[in-house]
Each structure stands twice: as structure tokens, then as C-alpha cells.
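Please treat every number below as a calculation from the coordinates, not as lab data. These numbers were taken from a predicted model, which means no experiment stands behind them. Reconstructed Cβ throughout: ideal geometry from the backbone, glycine too, with neighbour counts over all protein chains shown.
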Amino acid sequence: MSRYLSHRFWGLEPYVPGEQPHNRNYLKLNTNESPFPPAPGVIASISRAEIHRLNLYPDPDSRAVSESVAAHFHLDPNNVLLGNGSDELLSFCFQAFCDAEHPACFPDISYGFYPVFARIFCVPVHIFPLDADFHIHAADYCPAGGTIFIANPNAPTGLTLSLQEIEIILKANPDHVVVVDEAYVDFGAESASMLIRKFKNLVVIQTMSKSRNLAGARIGFALADMELITDLRTMKYSFNPYNLNRLSLAAAAAALRDDEYFQGCIQKIIEARAFITAELEKREFQVLPSLANFILAKPVIPGEIYYLGLKEKGILVRHFQQNRIKDYVRITVGTIDQMQILLDATDQLLKEAG
Ligand code: PMP
């Protein structure tokens with residue numbers, strides 16, 4: 001920390017992303033990326049046209065991709081705003097919709113970026129503990145008294161709220177924005193996107209990082225009533241109008257055109273999730289019933305020992321120091337072959353532990 005850093009940020013603990021190591025070719029099951037390459041059309045679309053136009057700024061309104069996203073959800077392009085990953089859109093929501101009268105409300109165990117955004121934008125927080133089984137209780141948020149952030153499925157638990165429960169929260173908080181972070185929704189949960197016409201206070205945020213195999217392109221999108229989208233667009237134009245580059249936009253457009261590939265990849269992840277859940281349960285791990293592309297599992301050996309043992313064998317999973325989940329690890333669901341490699345390493349570790 002330099003002596004020039006604003007006092008506001010003294011002691012700020014930044015978000016700690018999952019490890020992205022360069023020193024060894026790990027099997028990466030730690031940051032919920034897709035194991036599959038982008039749709040075949042993505043590569044062609046980037047190399048064909050967009051490279052030649054890199055001397056020009058991109059469209060600040062990302063019109064072509066916003067229109068495709070809107071069509072996919074049967075919405076108007078005015079209901080869509082693209083962001084540099086959904087992280088950027090979440091940061092816009094904290095800036096646009098939170099202040100002293102609108103504290104940020106979110107569960108104690110959820111996406112680790114929420115408290116960091118609250119801190120950096122000087123927003124008070126109201127934390128709602130999960131229940132003993134790690135579920136979010138809709139009734140706790142009725143009303144919540146601030147801007148609500150709910151990851152659905154939640155991370156890192158993988159557990160979901162039903163659409164009816166989301167609707168109950170929306171109805172109980174008409175004077176506050178409810179942000180539903182659906183980074184993992186495509187792997188079997190219900191999207192609140194169909195409630196957007198009904199609720200003026202709903203923002204749904206999705207990403208192309210997981211189910212669209214484009215984590216490296218950094219594309220997220222917000223879906224909401226036009227007035228809320230206008231507020232978010234004001235944030236974007238005030239910080240970085242050209243927040244999405246031409247190559248990423250070309251990749252997103254091509255990925256959105258290939259619905260068959262998208263559905264096929266999701267199906268494989270759902271199958272691999274059932275496989276790894278059943279296999280770990282056979283080994284007496286406690287696995288939370290996930291609808292995401294990851295599982296939160298409690299191994300029969302301490303979570304940190306399991307994480308370190310796997311790392312030594314070249315497999316990265318995610319271990320959190322947070323008290324209630326420190327006995328668990330979060331494992332990204334990859335291909336069946338990758339899950340088999342994880343199981344073989346697990347069996348070795350269990351044998352070594354006696
Ligand atoms: N929300 C949740 C719950 C996440 O786990 C993640 C991924 N780390 C994100 C949002 C952000 O995803 P991205 O910025 O890649 O769209």
C-alpha cells in the first residue's frame with residue numbers, strides 16, 4: 001500500500017479469484033469454467049472479419065449481440081445490457097442501486113465478490129445467514145430493507161430457490177431492486193428472466209462464461225425493465241463506454257447462433273454432475289444437491305487436506321477458509337473423463353489416509 005492510496009481503501013481486502021497457475025498443467029476444476037471449447041463458429045467469426053476492424057472502436061451499445069440476447073429471451077433489446085463479464089454488471093448494480101438507505105442484502109455464504117463490491121463502493125451491508133442445510137430462506141427477505149443480491153443457483157453451494165420463491169421476494173420488496181445472479185442457471189435451474197415484464201424491480205444477470213464456454217471473452221448480460229437498464233447504462237457510459245471489445249462481441253454473436261452446441265454441452269455437464277455426485281457419495285462424501293456446473297462436497301478427510309492432496313496430484317479444486325464451509329471443497333464439473341481422473345486421485349488419497 002502506498003502512502004498515496006485514498007484512506008477509503010485502507011484495509012480493503014480485494015476479491016481473491018481462483019488460482020490460474022502457469023507453472024504446471026493442472027486439471028482445472030477450481031473456477032467453474034467449461035471443459036469444452038467455444039462453439040465451432042466462434043473461431044471462424046473472430047478471424048474472418050473482426051481482426052481487420054481492430055483499428056475502430058467497438059459499438060458502445062453492442063447492438064447486434066443485445067438483439068440476439070433479447071430474441072433468445074423474447075424481450076426487447078432495451079431490456080438488455082451487456083457487460084465485461086457479469087462481474088462488471090454486478091458492480092454497476094452496487095453503484096446504481098445501493099446507498100445508505102438501500103444497503104446491499106445478501107446471504108452469508110454466497111458469491112465472494114458481493115462484500116468486496118459493497119466495501120469498495122462504500123455501501124452498508126445486511127447479511128442473511130443460510131439455514132443449517134445451506135438453503136436461502138425466501139421469508140428472511142420479506143422484506144429485506146435494501147437492494148437484494150441472490151445468486152440462483154447460489155455459489156458455492158449450488159442450491160436453488162424456485163421461481164415462486166423469487167416471486168415472493170420480488171413482491172415483498174417493491175421499493176427495492178432485486179438482483180438475481182444467474183451465472184449458473186443454464187445447468188438445470190429456472191430463470192427469473194420470464195418475470196421481467198411483471199416486475200419493474202427485477203434485474204437478472206447471466207454470463208456466457210460458463211454454459212456458453214466463453215470465460216476468456218468476458219461477456220455477461222443484464223435483463224431488466226427498460227428503466228433499470230437505462231440506470232445501468234448510465235453507469236457503463238460513465239465508467240467505460242467501450243467495455244466490450246470487438247473480438248469478444250464477435251465471439252458472443254457466434255456462440256448465440258449455435259443453440260445446438262450450447263444445449264449439447266449443458267447436457268454433458270448435467271450427466272457428468274450426476275456421475276460425480278453418485279461416485280463421491282459411494283465414497284461417503286456429503287454432496288449438496290447442485291443444479292450448477294460445480295458441486296460442494298464434504299470429503300471424509302478434512303477439506304483442506306483433500307484440496308492440497310489433489311493439488312499435489314495435479315488437480316485443482318476450490319477450498320474456502322470461511323468457517324461453515326471449510327470442511328468442504330467446490331469441484332467444477334468437467335467431462336466424464338476428467339471426473340474419472342478426479343476419482344482415481346481421490347481413491348489414492350483415501351488409501352494413503354488409511
Ligand atoms: N456470479 C457468480 C455467482 C459467479 O460465481 C461468477 C463467476 N466467478 C460470476 C458471477 C462472474 O462471472 P463472469 O464475470 O465470468 O461473467
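Cα centroid distance between region 224-296 and region 156-209, in Å? Each part reduced to its Cα centre gives a spacing of 14 Å. Our coupling estimate for region 263-270, obtained by passing each phi through the Karplus curve with A = 6.51, B = -1.76, C = 1.60 and θ = phi - 60°, is 5, x, 5, 4, 4, 5, 5, 4 Hz, Gly and Pro reported as x. Residues whose amide H falls under 5 Å from that of Asn32, counting only those 5 or more places apart or on a different chain, are Thr332, with hydrogens built in the peptide plane.
Potential lengthening of the chain between Ile305 and Ala278 amounts to 7.5 nm, from the contour at 0.36 nm per residue minus the alpha-carbon distance.
Of the residues Ala49, Ala250, Met194, the one whose Cα sits farthest towards the positive end of the charge dipole of region 40-257 is Ala49 (charges of +1 on Lys and Arg Cβ, -1 on Asp and Glu Cβ, taken about the Cα centre). Placing a pseudo-label 7 Å from each Cα along the Cα-to-Cβ vector at Ala132 and Asp337 gives an inter-label distance of 4.4 nm.
Judged by the gyration tensor of its Cα atoms, with axes a ≥ b ≥ c, region 40-257 is prolate; a/c meets the 1.5 cut and a/b is the larger of a/b and b/c.
Stretching the chain fully between Ile51 and Tyr4 yields a gain of 13.0 nm (0.36 nm per residue, less the alpha carbon separation). When the Karplus curve 6.51 cos²θ - 1.76 cosθ + 1.60 is applied with θ = phi - 60°, which whole-Hz ³J(HN,Hα) does each residue of region 236-242 get, with x for Gly and Pro? Coupling constants for region 236-242: 4, 5, 7, 9, 6, x, 9 Hz. Under the combined filter of DSSP loop state and at most 13 neighbouring Cβ atoms within 10 Å, region 256-324 retains these GluC sites (Glu not before Pro): Glu284.
Taking amide H atoms as placed 1.01 Å from N in the peptide plane, the amide H of Phe285 has no partner under 5 Å among residues 5 or more positions away or on other chains. 3J(HN,Hα) along region 70-87, derived from phi through the Karplus expression 6.51 cos²θ - 1.76 cosθ + 1.60 where θ = phi - 60°, amounts to 4, 4, 4, 9, 6, 10, 8, x, 5, 8, 10, 9, 8, x, 7, x, 6, 3 Hz, with x in place of Gly and Pro. Sites count as exposed loop sites when they are trypsin sites (Lys or Arg not before Pro), lie in a DSSP loop, and have at most 10 other Cβ atoms within 10 angstrom; the longest stretch of the chain without one is 25-354.
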